[in-house]
Every structure is written in structure tokens, then in C-alpha cells.
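For reference, the structure discussed in these notes is given below.
The values are calculated or read from the model by the stated rules, or taken from the named source; none is laboratory data. Quick caveat, the model's predicted, so the values are computed rather than measured. Cβ atoms come from the backbone with ideal geometry, glycine included; neighbour counts cover every protein chain shown. Just the protein is used for accessible areas: all its heavy atoms, side chains included, with ligands, DNA and RNA removed. Shrake-Rupley method; radii C 1.70, N 1.55, O 1.52, S 1.80 Å.
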Amino acid sequence: MQINVKIKRYDPEADARPYWSDYTFEARGTDRILDVMNHIKWEVDGSLAFRRSCAHGICGSDAMLINGVNRLACKVLVKDLGAKITIEPIRGLAVLKDLIVDMEPFFDSYKAVLPFFINQDPAPPAERLQSVEDRAVFDETTKCILCAACTTSCPVFWTNGRYLGPAAIVNAHRFIFDSRDQGAAQRLQVMNQANGLWRCRTAYNCTEACPRDIPITRAIQEVKRELLWRNA
Ligand code: SF4
Ligand code: F3S
Ligand code: FES
């Protein structure tokens, strides 16, 4: 099938404002959007800039706004979009070039919630054991690949780039509800700030955008409840 791909381009060092590049060529319905972009980059226009790595939905590097929805380019097929495809950078983060955005603010928020195991007890001779039931409590939030599709689809984040954002809260959830971890109070304190947890207005965009199907809004609600319960 013949497809038409419009890609929003912008090089802050060379362009006064963003503009659209337009490409029309033959593609298969089973091609992924990442294949389409690689074709453009390798065969048509080598100046196009975008991130990608694993090509299998694992590394989280190729989140883009594709036909108006945040998705991973390697997980969307041409046949699911039709012949007209528009691709823009994810929103709310500064564009460095074309589809490459500055991820530093996103990772600063991630780092702020202490996304690592905290336990001051002496390490046991083997592993720290956990029941199947206790492990299940935070199973879904272990699946995050830090693609930023959630945070950059959140209307609160668009208007306030200092909002911690859903991805950071998801990763805090992963440790707060881990029965072996002892850092929940520290993480909850970080999130109980002006630009923390309470900025969430349950817009649900994050949940719809997540390529790992993590029930993000529910996880945020669980963290809110935990904070209220501890402060009661
Ligand atoms: Fe991506 Fe989902 Fe993790 Fe958000 S929660 S960063 S959308 S994998
Ligand atoms: Fe934003 Fe998700 Fe809350 S889109 S407002 S973080 S439910
Ligand atoms: Fe790794 Fe798409 S290239 S998730």
C-alpha cells in the first residue's frame, strides 16, 4: 500500500520554528512505524533524528505521538493506522532535534522518588523471601520501561513541567508496596509536595497511553490512599 507520512521536524539550532516533512512511499501493512521511520532515515533523508534501540517494545526509547496518540513506534503496525500517518515528538519536554526530546526532567522526577530497594536490615545468607501474595501487590508496576508515554500524555504535566508525573509515581508504587522494602516513608514524603502526587486529577490519559498496560491511574490512587492512611 502507498502511505503518506508527515513528521514534525525541528532543530532548535537551525530552524526558527517547527515544520512538517512529507514522505510518500510503498509500505506493507505489517510494517511497524519503526520500520517506516528507518526506511525514511536510511533510504530517503538521513537527517531525520529519533531514538530507538531494541525494536521490540522493551527499551522504551521510541515513544512518539503517532496519529495523535502516544505510542512506541516499534509496537504499531501500518495497517492499524491506515495510509495517512503523522508523527510528532512526545509533548511537554523540550525538543532537542526532531523526535528526540530532553528526557532529563523526566529522569530527575524518576530519581526523586528513590526508585531502588531500601532495607537497612543485615542481608540474609540467601535471598530476602516474599510470599506470592505479597509479590502480586506490586506486580503490575514492575513492568514499567520508562518510555515516558504516560507522563507526556498528562495534561497536568503539559501545564506544569515540574509535576512529578505518573511514571515517577508508578516507580514509587513498585517499591512502596514491596513487603521487603523500608523506604516507603521517604518516598511518600517526596510525593507529598506541591508538585507531587496531589497534582494528579485522574485524567486517565496516562493509563490509556501505557504500552505495558499498567493500570497507572489505579496505582496513583493506591499511593494516595497509602499516604492518607499513614497520615490519619
Ligand atoms: Fe511507559 Fe507505562 Fe512506564 Fe509510563 S508507566 S513510563 S507509559 S511503561
Ligand atoms: Fe495525569 Fe494520569 Fe493523573 S493523565 S492527571 S497522571 S491520571
Ligand atoms: Fe525499544 Fe521501541 S525501540 S521500545
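What value in Å³ per residue do you get for the convex hull of the alpha-carbon atoms in region 61-158?
Details: hull volume 15.9 nm³, N = 98.
Dividing the Cα hull volume of region 61-158 by its residues yields 163 Å³.
As a test of reading the structure, rank 91, 180 by solvent-accessible area (1.4 Å probe, protein chains only), most first. Write down the numbers at each step before the final one.
Working: 91 100, 180 65 Å².
Solvent-accessible surface, decreasing: 91, 180.
Placing dummy labels 7 Å off each Cα toward the beta-carbon, the span from residue 39 to residue 120 is 5.9 nm. What do you get for the angle between helix 216-231 and the principal long axis of the chain? Use alpha-carbon atoms, 0 to 90 degrees, nearest ten. That works out to roughly 30 degrees. When the chain is treated as a Gaussian network with alpha carbon springs shorter than 10 Å, the biggest mean-square fluctuation among 106, 175, 117 belongs to 117.
For the chain, what is the mean residue ellipticity at 222 nm derived from helices alone (per DSSP H run of n ≥ 4: -39500 (n - 2.57); sum divided by total residues; nearest 500 deg cm²/dmol)? Intermediate values should be presented prior to the final figure.
Values: 8 runs with 66 residues, N = 232.
So the helix-based figure for the chain works out to -7500 deg cm²/dmol.
Using Cα atoms only, what is the angle between the long axis of helix 166-176 and the major principal axis of the chain, expressed in degrees (0 to 90) to the nearest 10? Roughly 30 degrees between the two axes. Hull volume per residue, based on the alpha-carbon atoms of region 144-216 and their convex hull, is 84 Å³. When the convex hull of its Cα atoms is viewed from all sides, region 98-207 shows a mean projected area of 8.1 nm².
Using only Cα coordinates, the Kirkwood hydrodynamic radius of the chain works out to 19.1 Å. Annotated for the chain: lysine pairs at least 8 residues apart or interchain, Cα distance under 24 Å, count 21. Summary of the geometry: region 192-232 and region 111-147, compared by the centres of their Cα atoms, lie 19 Å apart. Length available on full extension from residue 228 to residue 190: 0.36 nm per residue minus the Cα-Cα distance, which gives 12.3 nm.
Rounded, prolate or oblate, given the Cα gyration tensor of region 57-103, with a/c below 1.5 counting as rounded? Mind showing how you got there, number by number?
On the way: a/c = 2.64, a/b = 1.51, b/c = 1.74.
Note, shape of region 57-103 comes out oblate.
In the calculated pair-distance distribution of region 1-90, the portion above 22 angstrom amounts to 20 percent of the Cα-Cα pairs.
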